[in-house]
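S.K.: This is the structure I want to talk about, given as structure tokens.
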Amino acid sequence: MVLGVIFGFIMNSVDGGKGFVTDWIAPFGTIFINLLKLIAVPLILASLIKGISDLKDISKIKSMGLRTILIYVGTTLVAIVIGLSIVNTLKPGTGMSQDTIEKIKLKYENDAGVTDKLTKASAQHDAGPLQALVDIFPSNIFTALGEAQMLQVIFFALFVGICLLLIPEKDAKPLVKFFNSLNEVVMKMVDLIMLFAPYAVFALMANVIIAFDDTEILLKLLNYALCVVAGLALMIVFYLILIKSFTGKSPLWFLNKISPAQLLAFSTSSSAATLPVTMERVEEHIGVDKEVSGFVLPVGATVNMDGTSLYQGIAAVFIMQVIWPEGLTFTNQLVIIATALLASIGSAAVPSAGMVMLVIVLESIGFPAELLPIGLALIFAVDRPLDMCRTVVNVTGDATVSMLVAKSLDKLHEPKPKNWDDNYDKVK
């Protein structure tokens with residue numbers, strides 16, 4: 001990761017360096033992410049069906065599901081409150097000069113990335129209040145699998161797992177064995193793909209660095225970025241307190257075990273791409289039973305967005321501090337808390353979740369529509385590095401909740417790590 005950052009800065013200062021990184025380095029990072037996404041859907045399908053069928057008791061599904069959702073909602077509320085507390089205390093938007101605002105506006109207001117987020121948010125807004133619920137239920141499971149519609153895949157896997165419990169064990173056994181075997185194969189794929197991780201992370205980080213083409217604007221937005229990072233750091237501390245208080249595990253032990261997933265989340269900015277590694281670390285290195293991790297982690301990757309929710313609170317208030325200070329009322333901030341929470345839960349139906357959800361949050365408080373492009377432009381320059389940081393928090397939150405749920409169900413055991421070559425000597 002460090003070498004990738006250094007290499008990216010060097011290539012930024014060399015003629016033709018950006019083109020070299022884009023053409024010859026970045027594709028290796030893309031291949032790595034594609035491989036992780038390739039196995040994410042079969043992993044969710046196999047692990048969730050296996051986990052539900054292993055419970056042997058439908059009442060346990062209700063108990064585990066209720067605990068999972070309640071804890072996820074609780075941590076998301078804490079994240080939003082932390083974000084709003086920091087941005088209202090430090091007020092990063094009050095000191096920005098009009099010249100800086102104009103420069104950012106000219107550079108990013110009509111940027112394709114900004115207009116794309118506005119278009120997607122508008123489509124989401126027009127879809128209706130229950131569209132997120134409708135989107136959970138697939139009309140064609142093969143389409144859902146092919147398009148990696150995570151919530152639809154999770155629903156189908158839960159449905160299959162419950163039905164396996166409701167039919168005689170002798171009839172369910174062949175399909176259960178198939179998904180058990182598929183789960184083992186996909187977890188082995190994770191081990192093999194991770195052998196390529198150091199080189200892929202180098203490529204990903206180099207590509208991120210060459211994308212920063214205006215360091216002056218980045219420095220102007222430093223106060224805002226530091227507020228987000230400080231909030232995210234406090235959220236990590238909150239997770240560590242929960243782990244120590246409710247599981248008795250050492251926070252440093254937890255960070256050591258989950259760090260490969262955190263570093264990958266930072267490099268890829270994708271909870272979904274990181275999911276296979278998160279599951280491998282939580283199951284084999286932390287000791288959460290498969291029936292818990294197989295349910296809690298896929299659900300968390302789609303509905304638990306603590307880092308993103310915290311960012312939305314800070315970003316919304318920062319934008320108002322800069323261009324709409326009259327909107328900074330206590331009532332509006334309560335609306336931000338409620339909308340950010342709901343947007344987080346329903347975010348799986350929203351492409352490019354972070355900034356799209358931010359538009360929805362701003363619209364909920366009556367933010368002037370004509371100022372929305374300027375608002376997004378204000379934070380667009382630093383969105384990618386902050387997206388990397390908030391994805392780390394999202395992944396850490398998923399792992400934390402899986403531990404808490406496992407502990408409450410007595411499903412937290414001693415870790416039993418597996419290596420890619422455990423069976424290699426027998427087949428080489």
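The values are calculated or read from the model by the stated rules, or taken from the named source; none is laboratory data. Everything numeric here is computed off the predicted structure, so don't read it as measured data. Using ideal geometry, Cβ is built from the backbone for each residue, glycine included, and neighbour counts are taken over all protein chains shown.
S.K.: Any residue at all in region 232-249 that is of a type in the set (Lys, Arg), part of a helix (DSSP H, G or I) and buried (at least 18 other Cβ atoms within 10 Å of the Cβ)?
M.R.: So far as region 232-249 goes, no, none of its residues is of a type in the set (Lys, Arg), part of a helix (DSSP H, G or I) and buried (at least 18 other Cβ atoms within 10 Å of the Cβ).
S.K.: How many residues does region 82-99 hold that are modelled with pLDDT of 85 or more and crowded, with 16+ Cβ neighbours inside 10 Å?
M.R.: Qualifying residue count for the region: 8.
S.K.: Something else now. Just for region 300-338: of the residues that are under 11 Å from the mean Cα position of the chain (by Cα) and assigned to a helix (DSSP H, G or I), which one is nearest to residue 56 (Cα to Cα)?
M.R.: We begin by selecting, within region 300-338, every residue under 11 Å from the mean Cα position of the chain (by Cα); these are 300-309.
Pick out the ones that are also assigned to a helix (DSSP H, G or I) and you get 300-303, 306-309.
On the way: 300: 23, 301: 25, 302: 26, 303: 26, 306: 32, 307: 35, 308: 36, 309: 36 Å.
Looking at the filtered set, the residue picked out is 300.
S.K.: Between 164, 204, 192, which is modelled with pLDDT of 90 or more, in a helix (DSSP H, G or I) and either surrounded by fewer than 18 Cβ atoms within 10 Å (Cβ to Cβ) or not aliphatic (A, V, I, L, M) (or both)?
M.R.: Within the list 164, 204, 192, the selection yields 192.
S.K.: Next question, about the same structure. Report, by residue number, each residue of region 104-118 that is more than 22 Å from the chain's Cα centre (by Cα), over 19 Å from residue 322 (Cβ atoms) and at pLDDT below 85.
M.R.: The one that is more than 22 Å from the chain's Cα centre (by Cα), over 19 Å from residue 322 (Cβ atoms) and at pLDDT below 85: 112.
S.K.: Residue 152 is checked against (1) out of contact with any helix residue (DSSP H, G or I) (no Cβ under 6 Å at 6 or more places or on another chain); (2) surrounded by 14 or more Cβ atoms within 10 Å (Cβ to Cβ) and fails just one. What number does that condition carry?
M.R.: Just one mismatch for residue 152, condition (1).
S.K.: Filter region 91-112 for residues that are touching a residue at least 12 places away in the same chain (Cβ under 8 Å), among the polar types (S, T, N, Q) and part of a loop (DSSP other than H, G, I, E, B); which is nearest to residue 230 (Cα to Cα)?
M.R.: 94
S.K.: Which members of region 267-299 meet the condition of being in a helix (DSSP H, G or I) and surrounded by fewer than 22 Cβ atoms within 10 Å (Cβ to Cβ)? Let's see the steps before the verdict.
M.R.: Step one: filter region 267-299 for residues in a helix (DSSP H, G or I), giving 267-268, 271-286, 290-299.
Of everything in region 267-299, those that are in a helix (DSSP H, G or I) and surrounded by fewer than 22 Cβ atoms within 10 Å (Cβ to Cβ) turn out to be 272, 284, 285, 290.
S.K.: On to the next question. Just to be sure I understand, how many residues within region 294-348 are closer than 27 Å to residue 66 by Cβ and among the acidic types (Asp, Glu)?
M.R.: 1
S.K.: Residue by residue through region 136-175, note down the ones that are more than 16 Å from residue 58 (Cα to Cα) and aliphatic (A, V, I, L, M).
M.R.: If the condition is that a residue be more than 16 Å from residue 58 (Cα to Cα) and aliphatic (A, V, I, L, M), then 136, 141, 144, 145, 148, 150, 151, 153, 154, 175 are the ones that fit.
S.K.: Select, from 259, 293, 271, 309, the only residue that is modelled with pLDDT of 95 or more and of a type in the set (Ser, Thr, Tyr).
M.R.: 259
S.K.: Another question, if that's okay. Can you say whether residue 26 is over 30 Å from residue 234 (Cβ atoms), buried (at least 21 other Cβ atoms within 10 Å of the Cβ) and of a type outside the set (Ser, Thr, Tyr), as far as the supplied structure shows?
M.R.: No; evaluated as a whole, the condition is false for this residue.
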